[in-house]
Amino acid sequence: MLPPRTILKMYWRTFLLILSPIIVAILPIVSATDEAKCGYVMIMMAIFWMTEMFPLPVTALIPVFAFPFLGILPTGEVTQLYMKENIMMYIGGMMIAVASEHCNLHKRIALFGIFYLGESPRRLLAGVMLTTMFLSMWIASNAATAWMVKVVDALLIELFLSSEKVEESIVCCSEYTVTYNGRGRVEVQGIENAGYVADDDCESGRNKNVQIATKFRKVKEEKPRPKNILEMTLNDECRALKDMFFLSVAYSANLGGTGSMTGTSTNLVLRDVLGSTPTGLNFASWMAFSILGMLLCVTLAWIWLQVVFVGLCRKERQSSQELSPAKGAAQRKIMSDEYAKMGPMTHHEITVFSLFIVMVLVWFFRSPEFIPGWSYLFKDATGKKYEINDASSVILIILALFALPANLSFFKNIASKDETPLPAAPGCLNWKVAQARIPWGIFIVMGGGIAMAEGWKKSGLSSWMAQQLTVFNAFPKEATVFCVCLFLTALTDVTANAPTASIFLPVLKEMAVNFKVNPLYLMLPATICCSCAFMLPVSSPSNAIVFNVSGVQIKDMMKAGSVMIVLCVIVITGMTNTVGVLIFDLHTMPAWANSSAVS
C-alpha cells in the first residue's frame, strides 16, 4: 500500500474537489442569504483559480450554473454577460495584435527600437524595456514577451561570446618547415599545437605541398555557437547581467499593458464594472492618466534592476556596463543583419500599421470630452444622439483587415503581359491564423469575471463587504489608496489578475461611495496595480515565459520584484492624488456614483 503522503501528492486535486465544496457549504447553511450564497460561489471559484483545479476558462463558467441554481441571477442574464461590449472590444484588439504578428510588423518595431536605442548594456537595457513596453500597450503582453526574449537571448549570446575570432599572435616561420595544405591551413613542423593560417598581408604558396617560409598567425579554435543562453557556462557577472535583461522584459511587458485601456483584460473589467454611466473614463482620459505613471515605473525598473544585478556605482561591476569596440560592433551587427533580412516594409505591413493607427485615433477621438468627439455626429430620426462605442469601431477595423489584400497582385496581374497570373492576394488577416493564435479562453475568463462582479452587485455582497471596511474611514484617503494598491498587487502575485479585479472592484466602488469620494479614486489605481505582478513566475504569463527561457532563480525574482511592487504602488498612489485628481476630480463625489449606488 502506498504511504498516505504519496497518495495525497498524487490525488490532492481529487481530495480538494470533494472536500472544499463541503467545507465552504457551511457559509450558505449558516446564513441562507443571497450574500452568503454568492460568497460561496466566489470562494469556490477563488480556490479553483488559485490551485488551477481546472483550466481558468472552465472555472470561469461556474456562474452559468451556480448563480441560477442558487437564485442569484437567472440563466439568461448570466449568459449575456459572457459576450458584453468590452469583451468584443478586447477580441478586436487581439485580432489587430495577431495581424501585426502575422506580417512580422511587431518584429520590425522591436528591432528598430533596440537598434537605435541600445549599444552599451545600460542603453541596450533601456532599448529593450521601452520597446517591450510599447509593444505590450497594443498587443498581448505574453506575445510581446515571447518575441522579445528571443531577441534578448541572441543579444546576450553575442555579448558573452568573444567577438575577436583571431588572436593577433604573429609568428615568424622562416626557421621552420611549413607545408601549405591547400585548405587555408598550414602544417608547421617543429611547433606544438599547429594551426596557423597565412597573414593577410603576406605572400604564401597556393599550391598543395609547397614549402614556404613566411609569417603566420594562430587561429583560435571556435566552439559551436550555443543555441540559447542556457547552454552557456556563465560567471557570476554575466549571470547577473543575463537575469537583469530577462527580468526587464517581464517588468516592461507587465507595465506596458497599463498604458492603454485595451492593454490588459483587467483594464476592461474596470470599464465594465463602471457600466455605461458617464464617468469621464475613456480611451483618451485613460492614456492621459496612465502613460506618465507607466513611464515612471519603467524608469524606476530600469534603475532598480541595475542596482540589484550589476550596480550603478560599484567599481568591481563597471566592466559589465561597458562594451569593447569589438563587442559593440558585434552587437550592432547582429541587430543590423536581422533588420536587413526583413527587407523594406511590405504592403502587408503598411496596411496593418495604417489600420492600427486608424484604430487608435478612432478610439481616442470617439468621445475625448475635451473636444466634441466624432460619435456625436450620429443621431436618430428625432435628432437625439445615440451612442456608438469602441467595440463597433474596432470590429469595423477587423472587417477591413479581412477584406484588404496583403499584396498588390491584382494590379500586377492587370499590368503584366505574362499569361501566368500571380495567385490572388489573401487578406491581411485570415480566420485560420486568428483561430490558431488568439487565446480564446481569455474571453471566457473575462466573461466569468464580469459574471462574478454582477453577482456581487445583485446579491448585495459587495455592499456588505464595503460596510465591513468602514474602518478605513479613520485613515487619510491617501493612506487608504496605498493600502488597497499594496494589497491587490501582492494578491495578484499568486492569483489571476482579471478574476482578482472582478472580485474587488465592485467592493472598492461601494467603499468609495461610503467615503464620499469618486469611485475612480480607489478603482483606477487598484486596476493598474493588478498588472504590477513581479515576484513569482505564476504572477503573470510574461513572468512565466521569462522564467522558463532564462533560468533565473525564484529567489532573485522575489528579491527584485518585492521592491518593484512597493515602488510601483508609491508611483500609482502619487499619480492618483495628482494627475488623477486633475483629470477626474477624484476628491468630489459625482452624481453618477450616487445614482449607481441607489440602483
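Among the candidates 444, 395, the residue that is surrounded by 17 or more Cβ atoms within 10 Å (Cβ to Cβ) and either in a helix (DSSP H, G or I) or of a type in the set (A, V, I, L, M) (or both) is uniquely 444. When residue 90 is tested against (1) farther than 30 Å from residue 355 by Cβ; (2) open to solvent by 20 Å² or more (accessible area, probe 1.4 Å); (3) under 24 Å from the mean Cα position of the chain (by Cα), just one condition goes unmet, and that condition is (1).
Would you kindly identify the helices (runs of 4 or more DSSP H) lying entirely within region 464-577 that contain at least 3 residues that are surrounded by fewer than 18 Cβ atoms within 10 Å (Cβ to Cβ) and free of Cβ contacts under 8 Å to residues at least 60 places away in the same chain? The helices (runs of 4 or more DSSP H) meeting that bar are 477-491, 554-575.
Scanning region 229-256 for residues that are without any contact (Cβ under 8 Å) to a residue 40 or more places away in the chain and either under 15 Å from residue 541 (Cβ atoms) or surrounded by 16 or more Cβ atoms within 10 Å (Cβ to Cβ) (or both) turns up just one, 239.
Taking the stated definitions as given, is residue 96 within 32 Å of the chain's Cα centre (by Cα) and surrounded by 18 or more Cβ atoms within 10 Å (Cβ to Cβ)? Yes, satisfied. In the set (1) touching a Pro at 6+ places or on another chain (Cβ under 8 Å); (2) closer than 16 Å to residue 270 by Cα, the condition left unmet by residue 527 is number (1). In the set (1) of a type in the set (A, V, I, L, M, F, W, C); (2) assigned to a loop (DSSP other than H, G, I, E, B); (3) open to solvent by less than 50 Å² (accessible area, probe 1.4 Å), residue 66 fails one condition alone, (2).
Taking the criterion of being of a type in the set (Ser, Thr, Tyr) and in a helix (DSSP H, G or I), the residues of region 108-158 that qualify are 116, 131, 132, 136, 141, 145. The number of residues in region 343-361 that are open to solvent by less than 40 Å² (accessible area, probe 1.4 Å), touching a helix residue (DSSP H, G or I) at 6+ places or on another chain (Cβ under 9 Å) and either farther than 29 Å from residue 286 by Cα or among the aliphatic types (A, V, I, L, M) (or both) comes to 5.
When region 28-42 is limited to residues that are open to solvent by 70 Å² or more (accessible area, probe 1.4 Å) and of a type outside the set (Gly, Ala, Ser), the one that is farthest from residue 70 (Cα to Cα) turns out to be 30. Against the test of being at positive phi and at pLDDT below 90, the options 328, 383, 373 yield a single qualifying residue, 383. When we screen 378, 410 for residues that are touching a residue at least 12 places away in the same chain (Cβ under 8 Å), surrounded by fewer than 17 Cβ atoms within 10 Å (Cβ to Cβ) and either over 18 Å from residue 90 (Cβ atoms) or in contact with a helix residue (DSSP H, G or I) (Cβ under 9 Å, 6 or more places away or on another chain) (or both), the only hit is 410.
Selection of first residues in region 387-399 that are farther than 12 Å from residue 367 by Cα and of second residues that are surrounded by fewer than 16 Cβ atoms within 10 Å (Cβ to Cβ), restricted to Cβ pairs under 9 Å at least 6 apart or on distinct chains, gives the following pairs, ordered by first then second residue: 391/85; 392/85; 397/358.
Across region 431-439, a minimum of one residue is classified as assigned to a loop (DSSP other than H, G, I, E, B), over 23 Å from residue 503 (Cα atoms) and either touching a residue at least 12 places away in the same chain (Cβ under 8 Å) or open to solvent by 50 Å² or more (accessible area, probe 1.4 Å) (or both).
Of all residues being touching a Phe, Trp or Tyr at 6+ places or on another chain (Cβ under 7 Å) and in a helix (DSSP H, G or I) in region 69-89, which is farthest from residue 439 (Cα to Cα)? Just the residue, please. So the residue we want is 78.
Examine region 73-83 for a residue that is among the hydrophobic types (A, V, I, L, M, F, W, C) and under 28 Å from the mean Cα position of the chain (by Cα), and state whether such a residue exists. Yes - at least one qualifying residue is present in region 73-83.
Do you know which residues across region 1-27 are under 35 Å from the mean Cα position of the chain (by Cα), closer than 26 Å to residue 71 by Cβ and open to solvent by 60 Å² or more (accessible area, probe 1.4 Å)? Matches in region 1-27: 17 only. The number of residues in region 381-391 being open to solvent by 70 Å² or more (accessible area, probe 1.4 Å) and either assigned to a helix (DSSP H, G or I) or hydrophobic (A, V, I, L, M, F, W, C) (or both) comes to 1.
The values are calculated or read from the model by the stated rules, or taken from the named source; none is laboratory data. Quantities reported herein were computed from a predicted structural model and do not represent experimental measurements. Glycine gets a Cβ as well: all are built from the backbone with ideal geometry, and neighbour counts include every protein chain shown. Ligands, DNA and RNA are stripped out before the accessible areas are found, and what is left, the full protein with its side chains, is counted by its heavy atoms. Shrake-Rupley method; radii C 1.70, N 1.55, O 1.52, S 1.80 Å.
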